[in-house]
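Report on the structure given below.
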Amino acid sequence: MDEVRTNILGLTPEQLVDYCSSLGEKPFRARQLQRWIHQSGVSDFNAMTDLAKSLRSKLVDKAEIRAPVVLKDHISADGTRKWLLDVGQGNAIETVFIPEDDRGTLCVSTQAGCAVNCLFCSTGKQGFNRNLTAHEIIGQLWLAEAAVRKSRNVPPGKNDRQISNVVMMGMGEPLHNFEATVSALKLMLDDNAYGLSRRRVTVSTCGVVPMIDRLAQECPVALAVSLHAPNDRLRDVLVPLNRRYPLAELMAACNRYLDYAPRDFITFEYCMLDGVNDTDAHAHELVDLVQAGATPVSCKLNLIPFNSIPMPGLRRSTDARIASFAEILRNAGIVTTIRKTRGEDIEAACGLLAGEIMDKTRVQERMAEKGIGSEEYIRSYQFKNICS
Ligand code: SAH
Ligand code: SF4
């Protein structure tokens with residue numbers, strides 16, 4: 001019977017040393033192997049020419065380097081590129097590459113679906129399917145770097161990295177899949193793998209307080225927190241996890257994180273929803289929360305115009321409203337940016353990642369099954385009361 005091969009794509013630097021040692025090999029062999037995998041993008045052990053033949057044949061017998069299979073590859077008119085990747089059992093996830101003049105950013109997914117179910121997010125509407133493995137998370141970077149190099153005729157290797165920044169803002173809540181996320185982060189940062197700076201790798205979370213503290217201890221990188229509301233009453237509805245970790249606890253966790261973070265601010269994300277969380281009063285309340293609350297937090301604000309999903313009652317704030325909201329924050333001295341929507345024509349924008357093989361059909365079916373999006377569903381959240 002064939003032995004099951006070990007997929008070594010997602011092994012952290014330490015785990016790869018242990019794996020090589022289990023094959024009777026020294027740690028420097030693990031570092032060589034890691035450079036072949038993550039810097040040269042090679043998956044064929046026989047092509048790893050500076051590894052001893054004996055090691056190559058052990059690897060051919062026992063190991064494999066396997067990333068998720070690409071099901072679709074879309075390129076937007078603005079250059080944004082989105083891959084739909086098969087992760088088995090009918091689940092697919094999405095990864096988005098956003099090219100800019102001075103950087104290339106990859107937005108990676110950490111879960112198929114998400115259990116948090118924020119009111120405005122299409123990933124949340126699918127429900128939770130499963131956590132991605134470290135192989136599947138780092139596999140997105142491995143695949144994307146190789147694909148972008150190929151499209152730009154840049155040969156494989158350590159230099160001329162096409163992806164300079166990674167944001168964990170794709171599908172799923174990274175801090176609900178902590179171990180695999182941290183394994184992938186360690187590879188992103190390692191000099192024998194991707195060698196990205198901690199400041200250029202961002203974990204985005206809806207606010208899983210205990211895991212923010214663990215991230216500070218185990219792998220501090222830039223942190224983005226999806227705030228979306230300046231008070232608990234509204235946040236309880238928009239981001240249901242707020243009922244478990246309310247704003248006071250979240251702000252305190254953000255402050256603690258800053259002692260370990262590679263940047264001296266937290267980025268707060270705020271999805272702009274017309275008439276829901278975008279009034280002048282909300283802006284002033286937000287200023288108070290971050291500057292005059294029990295725990296003021298050094299922060300930047302990133303306003304995200306809502307990308308429409310089928311959810312009655314939710315609309316994108318007007319550009320004028322977003323500008324006025326931003327003005328109030330800036331007048332209070334808070335650095336505020338308005339996220340440019342990219343890749344809308346290929347549904348690659350924030351919150352639109354659904355990753356189903358059957359595109360959005362299955363998501364909508366599931367939403368219908370759960371009654372999500374119906375008037376009744378929204379009333380059950382007392383949404384109207386909260387917005388009035
Ligand atoms: N689960 C993590 C990371 C993935 S979501 C988190 O919530 O932070 C990435 C960002 O997109 C989050 O700030 C999220 O709130 C935002 N988002 C979700 N749905 C959106 C939508 N329909 N329009 C705009 N932003 C959305
Ligand atoms: Fe999950 Fe983030 Fe979407 Fe909320 S916004 S449902 S936490 S993926």
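Listing T337, T110 from the residue with the fewest other Cβ atoms within 10 Å to the one with the most, what is the order?
T337, T110
What residue among G90, L9, L119 has its Cα farthest toward the positive end of the dipole of the chain, where the charges are +1 on Lys, Arg and -1 on Asp, Glu, each on the Cβ?
L9
To the nearest 10 degrees, how steep is helix 247-258 against the longest Cα principal axis of the chain, on a 0 to 90 scale?
Roughly 40 degrees, rounded to the nearest 10.
Name the residue from M251, T267, G293 whose Cα lies farthest towards the positive end of the charge dipole of region 69-385, charges +1 on Cβ of Lys and Arg and -1 on Cβ of Asp and Glu.
T267
Treat each spin label as a single point 7 Å out from the Cα along the C-beta direction, and report the A115 to A320 distance in nm.
If labels sit at A115 and A320, their model points lie 4.5 nm apart.
Compute the helix-to-body angle for 13-22: its Cα long axis versus the longest principal axis of the chain, expressed 0 to 90° and rounded to tens.
Tilt relative to the chain: about 30 degrees.
Choose one answer from Q217, Q126, Q111: the residue with the largest mean-square fluctuation in a GNM of the chain with alpha-carbon springs under 10 Å.
In this elastic network of the chain, the residue with the biggest mean-square fluctuation among Q217, Q126, Q111 is Q217.
Build a GNM of the chain with springs between Cα atoms under 10 Å: which of F28, F325, F97 gets the top mean-square fluctuation?
Ranking F28, F325, F97 by mean-square fluctuation puts F28 first.
Provide Rg and Dmax in Å for the chain, with only Cα atoms included in the calculation.
According to the Cα coordinates of the chain, Rg and Dmax are 21.7, 71 Å.
Dipole of region 190-229, Cα-centred, from +1 at each Lys and Arg C-beta and -1 at each Asp and Glu C-beta, to the nearest 20 debye?
Using only the charged Cβ atoms, the result is roughly 160 debye.
Summing +1 for each Lys or Arg and -1 for each Asp or Glu, what net charge is found among the other residues whose Cβ lies under 13 Å from the Cβ of R321?
Residues near R321 contribute -3 overall.
Using only the Cα atoms of region 6-64, build the gyration tensor, take square roots of its eigenvalues as a ≥ b ≥ c, and label the shape rounded, prolate or oblate: rounded if a/c is under 1.5, else prolate if a/b is larger than b/c, else oblate.
Because its axes are fairly even, with a/c under 1.5, region 6-64 counts as rounded.
Long-range amide H contacts for T6: which residues qualify at under 5 Å (H placed 1.01 Å from N, peptide plane, sequence gap of 5 or more or a different chain)?
Under 5 Å from the amide H of T6: A63, E64.
Just to be sure I understand: with springs between alpha-carbon atoms less than 10 Å apart, which residue in P13, P312, P68 has the highest mean-square fluctuation in the Gaussian network model of the chain?
P312
Can you give the charge dipole size of region 6-64 about its Cα centre, rounded to the nearest 20 debye, using +1 on the beta carbon of Lys and Arg and -1 on the beta carbon of Asp and Glu?
The dipole magnitude comes to about 180 debye.
So for the chain, taking the charge dipole from beta-carbon charges (+1 Lys/Arg, -1 Asp/Glu), which of S164, A224, T341 sits furthest toward the positive end?
Selected residue: S164.
With charges only on Cβ, +1 for K and R and -1 for D and E, what is the dipole size of the chain about its Cα centre, in debye, rounded to 20?
I would put it at about 560 debye.
May I ask for the net charge around D73, where only other residues with Cβ less than 13 Å from the Cβ of D73 are counted and Lys, Arg are +1 while Asp, Glu are -1?
Computed value for this residue: +2.
Show that you can apply the helix-only estimate: for the chain, add -39,500 (n - 2.57) for every DSSP H stretch of four or more residues, divide by all residues, and state [θ] at 222 nm to the nearest 500.
The helix-only estimate for the chain comes to -10500 deg cm²/dmol at 222 nm.
Grab the other residues whose beta carbon is less than 13 angstrom from that of K158, score K and R as +1, D and E as -1, and report the net.
Result for the neighbourhood of K158: 0.
Express the relative contact order of the chain as a whole percentage, based on alpha carbon pairs under 8 Å and six or more residues apart in sequence.
It comes to 16 percent, rounded to a whole number.
Using Cα-Cα distances under 8 Å and only pairs 6 or more residues apart, what relative contact order does region 6-64 have, in percent?
Reported as a whole number, the value is 37 percent.
Values quoted throughout were computed directly from the atomic coordinates according to the rules given, and no laboratory measurement underlies them. Since this is a predicted model, take the numbers as computed values, not measurements. Heads up, the Cβs are rebuilt from the backbone with ideal geometry, glycines too, and the neighbour counts pull from every protein chain shown.
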